[in-house]
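The values are calculated or read from the model by the stated rules, or taken from the named source; none is laboratory data. Every value quoted in this text rests on a predicted model; they were computed, and no experiment measured them. No Cβ is skipped: glycine too gets one built from the backbone with ideal geometry, and neighbour counts run over all protein chains shown.
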């Protein structure tokens, strides 16, 4: 006779903040994290220095945002670096979260304390997310400080607001990769396997997915007669496919948030630009509307991946 | 009648077709030390995990201190101390920091005093601020007990507590278990090191292929399995006294292991008669002794009989 599932007693979140505090302390003191922080600071200093050299020539609007987005050969812009550094940091924070406990044989001990598994997993995820947010905020402050120091002007209110949204988008982007590496750390018993799986998926989405999306679009929606409709529908399909990758969503969010002159992320027809004054910046609210689907997409992907990890972890036997 | 603190009724765990634990019935009274014995993979650990609510039984009921480990795991886990087999700690943290984390997970208000007390009791006061990675296996095991003491539990569950310890550390550990019993704590332990279990357990349950096939006090089991036989060892130089010893009343068999060493199997304690017979026959009696029935014998004999007969034999003594 199999008993029907009965409700559990007690809060599933008991002990959550204890786990968060412990895991964050672990992250912040780990050699792995220090190394990545060092790398981040180095990149921030390098790219911002280059950007400042470039900017000084002519006075413009949104100087601070340009600090983040200006690139000078051979250095990419700061945001370009973030696009691949944030996933790496997130993966580094999560790839051994659960299997590491298994291998150290600490999991049965921890779960024998009066907490539910829910608190442990969410605690680990939140600790990773907070750590990421902490590091990114520190770097954001560093950049603002450097900007004030070198440019000699304080940032405008709108710039601060836009760069804060950018910070938020970056944390959400990191959340996707953190949740993904958490799932792999539950699936694979060896941390090295989990790390490699996360990194290969990241490589695939970063390098190959754009190419694959283009090829798929050509196959699924071929341009047979050269009609504009055909070309447009192929371009739209390619974009839709590309947006399955969190990298695309993040790149688009950053583009619209940090470059106020960007008014559309989809292909648009000349008729849609009727009466538009090209080159004028959009207000923040409009830019946000533009990237709202991208931002919610990143958050939704994070939640979905975490839910998957949650289900897997709840069903896992804790015996080695 | 003493209070029942652990109760299992037809507890069953299946993994697909494999039955890991098959309708186990258990009753532990307050203050007793109960040993779960059996070869590796016979279902001991799975039974323990079900009692703690760390894995879900396929069927059957468990009660620990009156709580259902499935529905009220937090209640059970805050009152029961569990030491998993091959316990692991966070190697980068000190002993004190490891315990502090566990104390917080248990929601203890002012744990500092309790932690120091528990560490001192386990003889770890001097190394409290050393990282756990410098600890020996025996020290980690004692740290595990210190962690259990933190909760001031009324029930303690130990999974293979002496496995991998050197003889000195194992002896110390057995003393720790005796001390727990003296404080009135109920102890459930699993082991396959029979002579150690015999020294400390009030009752034992013998696992074989997921079932408890024998259960009771060691002396009762000896009666049951060894048929109430006594083994007398006799060392005597001089003439061969095999035939003379065989003639002693109630002696069942005589086995001359070496030239001057005999082992007698008898229905009662025949030491006096056997000594008299040997001396009368002109032998020089050097030593005579009665061998206590050991769990090793019971175990070996039991599995001999299981191997010799068909498997239905298992049920004869099942669920005693």
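Restricting attention to segment A:225-244, the residues that are surrounded by 20 or more Cβ atoms within 10 Å (Cβ to Cβ) and either under 19 Å from the mean Cα position of the chain (by Cα) or in contact (Cβ under 8 Å) with a residue 60 or more places away in the chain (or both) add up to 1. Within segment A:84-135, the set of residues being closer than 18 Å to residue A:193 by Cβ, in contact (Cβ under 8 Å) with a residue 24 or more places away in the chain and facing another protein chain (nearest Cβ under 9 Å) comprises A:103, A:107.
Each residue in segment B:41-66 was checked for being under 25 Å from residue B:148 (Cα atoms), in a loop (DSSP other than H, G, I, E, B) and away from chain A (no Cβ under 12 Å), and 2 pass. Of all residues in segment A:96-119, none satisfies being part of a helix (DSSP H, G or I) and within 19 Å of the chain's Cα centre (by Cα).
Against the numbered list (1) at pLDDT below 90; (2) surrounded by 12 or more Cβ atoms within 10 Å (Cβ to Cβ); (3) over 30 Å from residue A:109 (Cα atoms), residue A:318 comes up short only at (3).
Just a yes or no: is a residue in segment A:294-316 within 14 Å of chain B (Cβ to nearest Cβ) and assigned to a loop (DSSP other than H, G, I, E, B)?
Checking segment A:294-316: at least one residue is within 14 Å of chain B (Cβ to nearest Cβ) and assigned to a loop (DSSP other than H, G, I, E, B).
Look at residue B:257 and say whether it is in a loop (DSSP other than H, G, I, E, B) and under 37 Å from the mean Cα position of the chain (by Cα). So residue B:257 fails the test. Of all residues in segment B:124-131, none are in contact (Cβ under 8 Å) with a residue 40 or more places away in the chain, within 27 Å of the chain's Cα centre (by Cα) and either crowded, with 17+ Cβ neighbours inside 10 Å or within 11 Å of chain A (Cβ to nearest Cβ) (or both).
Within segment B:136-145, does at least one residue satisfy the condition of being in contact with a strand residue (DSSP E or B) (Cβ under 7 Å, 6 or more places away or on another chain) and more than 8 Å from chain A (Cβ to nearest Cβ)?
Within segment B:136-145, one or more residues are in contact with a strand residue (DSSP E or B) (Cβ under 7 Å, 6 or more places away or on another chain) and more than 8 Å from chain A (Cβ to nearest Cβ).
Just one of (1) farther than 20 Å from residue B:102 by Cβ; (2) in a loop (DSSP other than H, G, I, E, B); (3) within 12 Å of chain A (Cβ to nearest Cβ) fails for residue B:69. It is (1).
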